[in-house]
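Below is one structure; the comments refer to it alone.
The values are calculated or read from the model by the stated rules, or taken from the named source; none is laboratory data. All values reported here derive from a predicted model rather than from experimental measurement. Virtual Cβ from ideal backbone geometry, glycine too; neighbours counted across all protein chains shown.
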Amino acid sequence: MTRFLFPKTTNLLRPVLILLSVAVPVYAVAFVWYCFSPVTIDKGYAPAQPIPYSHALHAGELGIDCRYCHSTVEATGKASIPPTQVCMNCHQTVRSQSPKLAELRKSYSTGEPVEWVRVHDLPDYVYFNHSAHVTRGVGCSSCHGRVDKMETVTQVAPLSMAWCLDCHRNPSQNIRPKDQVTRMDWQPADAASQNTLVNHYGTKPSTDCSTCHR
């Protein structure tokens, strides 16, 4: 009687192993490409947008508060992209016939959203909550830089795990009074005042893996 080293059911593993031998390398290459592509961590990433929106004009020269457009940033995990109606609150009368705003007028008339290109795009395996940071005194410019001076929004921070952990381990460098969160040119008086704010807010950001990887 012939004896087999492995049971015949082992043959069922053959297609699985073949699939894994193909899928794992492909996944590994895609993972590395995604993690190190300009869409995720490259400083200087500044994609062209369907409408040439100038933050330097709106947030800088006109002084529009970040929360007017990104209205959910204090209450939810997402900063939100402003709907066309928010833009049209002004542009129904301000430069209403400008050729640069053709896509905006088209969006308003059809009801289809403007296809803005995301600049700060974290990988899907990273959990980040805007409200948890903004309501604890982390200023917009700490992560996004001086947006009020940008004609085209540019990624100025790497958004890497090491970069996030540096802040979680030493949050005082990025903490400010809560009423100054959206002020782009705010500067701390000294390190002692920063530490006082951290103690006042009770800021103790976690460095556990589950904080960002859920």
Read through the list (1) free of Cβ contacts under 8 Å to residues at least 12 places away in the same chain; (2) among the small types (Gly, Ala, Ser); (3) touching an Asp or Glu at 6+ places or on another chain (Cβ under 6 Å), then give the number of the only condition that residue 80 fails.
(3)
Candidate set from segment 150-167 (those that are part of a loop (DSSP other than H, G, I, E, B) and not β-branched (Val, Ile, Thr)); member that is farthest from residue 49 (Cα to Cα)
160
Name the pairs whose Cβ atoms lie under 7 Å apart, with the first residue in segment 136-156 and among the charged types (D, E, K, R), the second in a helix (DSSP H, G or I) and surrounded by 21 or more Cβ atoms within 10 Å (Cβ to Cβ), and 6 or more positions between them or separate chains?
148/55; 148/59
If you go through segment 116-132 one residue at a time, do you hit one that is surrounded by 15 or more Cβ atoms within 10 Å (Cβ to Cβ) and in contact with an Asp or Glu (Cβ under 7 Å, 6 or more places away or on another chain)?
yes
Being more than 30 Å from residue 181 (Cβ to Cβ) and at pLDDT 75 or above, is that true of even one residue in segment 62-72?
no
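Please specify each residue of segment 182-214 satisfying the condition of being aliphatic (A, V, I, L, M) and closer than 26 Å to residue 65 by Cα.
184, 189, 197, 198
Which ranges mark the helices (runs of 4 or more DSSP H) fully within segment 68-149 that have 1 or more residues being closer than 20 Å to residue 212 by Cβ and out of contact with any Cys (no Cβ under 7 Å at 6 or more places or on another chain)?
Numbers: elements: 84-91, 102-110, 130-134, 140-144.
Where helices (runs of 4 or more DSSP H) fall fully within segment 68-149 and carry at least 1 residues being closer than 20 Å to residue 212 by Cβ and out of contact with any Cys (no Cβ under 7 Å at 6 or more places or on another chain), they are 130-134, 140-144.
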Return the total of residues in segment 168-214 being assigned to a loop (DSSP other than H, G, I, E, B), surrounded by fewer than 16 Cβ atoms within 10 Å (Cβ to Cβ) and not aromatic (Phe, Trp, Tyr).
13
Search result, residues across segment 104-117 that are in contact (Cβ under 8 Å) with a residue 24 or more places away in the chain and either more than 19 Å from residue 54 (Cα to Cα) or within 9 Å of the chain's Cα centre (by Cα) (or both)
108
When residues of segment 166-212 are limited to those that are under 20 Å from the mean Cα position of the chain (by Cα) and of a type in the set (A, V, I, L, M, F, W, C), the one nearest to residue 147 (Cα to Cα):
184
Please work out which residue is farthest from residue 124 (Cα to Cα), limiting yourself to segment 78-98 and to residues that are surrounded by 14 or more Cβ atoms within 10 Å (Cβ to Cβ) and in contact with a helix residue (DSSP H, G or I) (Cβ under 7 Å, 6 or more places away or on another chain).
91
